[in-house]
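Chemist: Pasting in a structure now, in structure tokens, and then I'll have a few things to ask.
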Amino acid sequence: NAGVTQTPKFQVLKTGQSMTLQCAQDMNHNSMYWYRQDPGMGLRLIYYSASEGTTDKGEVPNGYNVSRLNKREFSLRLESAAPSQTSVYFCASSFQDPPGYTFGSGTRLTVV
Amino acid sequence: EDQVTQSPEALRLQEGESSSLNCSYTVSGLRGLFWYRQDPGKGPEFLFTLYSAGEEKEKERLKATLTKKESFLHITAPKPEDSATYLCAVQGGGSNYKLTFGKGTLLTVNP
């Protein structure tokens, strides 16, 4: 099915470990986004890529890096995981016009 | 900075009991207001986009309306399967295509 695919779906890390969350979309969308969702905080933007070859910081970028590998793929890297990064991570993609996102199913990350 | 406030945080209804969810927003140059539905353990699912004050959109038992300061999601004769978290988001003119989300309203419909 067409859409946004995230891997892995679940992950447990130890403090200080690194990992990369993968995201791929097959809708030919220009823009891609990484959000985290925490109880009581809602969805907060970590990084986004308005178009292939560009990336920008969102609301909560500290501790993360991103790579827009090509038009389809946008990865999120945690270099040294911290318990504060325990969250559910969502990738989304969109056309620039009309706006509106399609979301992936999420990655549930626990840092112990 | 774009801001979105949703109320109430949680709403419990009996099956068939109609009600409304509120989304208040401040944004510089609204390009669009969006409603999403999110089921537990899943990603948000797109419901509606509203572009200008006075616009209305309907889908089954849901109707979204928009004014210059707020949007309402009206739920008519809800069923238990309408239970979910409903998210509101805005895209401003200077946002570079990114959306700002509210914290959501958790709707529970009891049979």
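The values are calculated or read from the model by the stated rules, or taken from the named source; none is laboratory data. Computed from a predicted structure; not experimentally measured. Please note: Cβ atoms are built from the backbone with ideal geometry, for glycine as well, and neighbour counts cover all protein chains shown. All accessible areas refer to the heavy atoms of the entire protein, side chains included, with ligands and DNA or RNA removed. Shrake-Rupley method; radii C 1.70, N 1.55, O 1.52, S 1.80 Å.
Chemist: What pairs come out if I take residues in the range A:35-51 that are under 16 Å from residue B:4 (Cα atoms) and pair them with residues that are among the basic types (Lys, Arg) whose C-beta lies under 6 Å away, six or more apart or interchain?
Modeler: A:42/B:103; A:44/A:36; A:45/B:98
Chemist: While we're looking at this one, here's another question. Report, by residue number, each residue of the range A:78-98 that is exposed (fewer than 15 other Cβ atoms within 10 Å of the Cβ) and away from chain B (no Cβ under 13 Å).
Modeler: A:79, A:80, A:82, A:83, A:84 - these are the residues of the range A:78-98 that are exposed (fewer than 15 other Cβ atoms within 10 Å of the Cβ) and away from chain B (no Cβ under 13 Å).
Chemist: Further, regarding this structure: So residue B:42 fits all but one of (1) away from every other protein chain (no Cβ under 12 Å); (2) without any contact (Cβ under 8 Å) to a residue 24 or more places away in the chain; what number is the exception?
Modeler: The one condition residue B:42 does not meet is (1).
Chemist: For residues in the range A:31-59 being polar (S, T, N, Q) and open to solvent by 50 Å² or more (accessible area, probe 1.4 Å), which is nearest to the other protein chains (Cβ to nearest Cβ)?
Modeler: A:54
Chemist: So, one more: Using beta carbons and a limit of 7 Å, which pairs, at least six apart or on different chains, have the first residue in the range A:79-98 and over 14 Å from residue B:34 (Cβ atoms) and the second one of a type in the set (A, V, I, L, M, F, W, C) and assigned to a helix (DSSP H, G or I)?
Modeler: Sorted first by the residue in the range A:79-98, then by its partner, the list stays empty.
Chemist: With chain B as the region, which strands (runs of 3 or more DSSP E) entirely inside it contain at least 2 residues that are within 24 Å of residue A:30 (Cα to Cα)?
Modeler: Because the criterion is at least 2 residues that are within 24 Å of residue A:30 (Cα to Cα), the strands (runs of 3 or more DSSP E) in chain B that meet it are B:30-38, B:45-50, B:84-92.
Chemist: Scan the range B:53-100 residue by residue and report those that are aromatic (Phe, Trp, Tyr) and more than 10 Å from the chain's Cα centre (by Cα).
Modeler: B:97 - this is the single residue of the range B:53-100 that is aromatic (Phe, Trp, Tyr) and more than 10 Å from the chain's Cα centre (by Cα).
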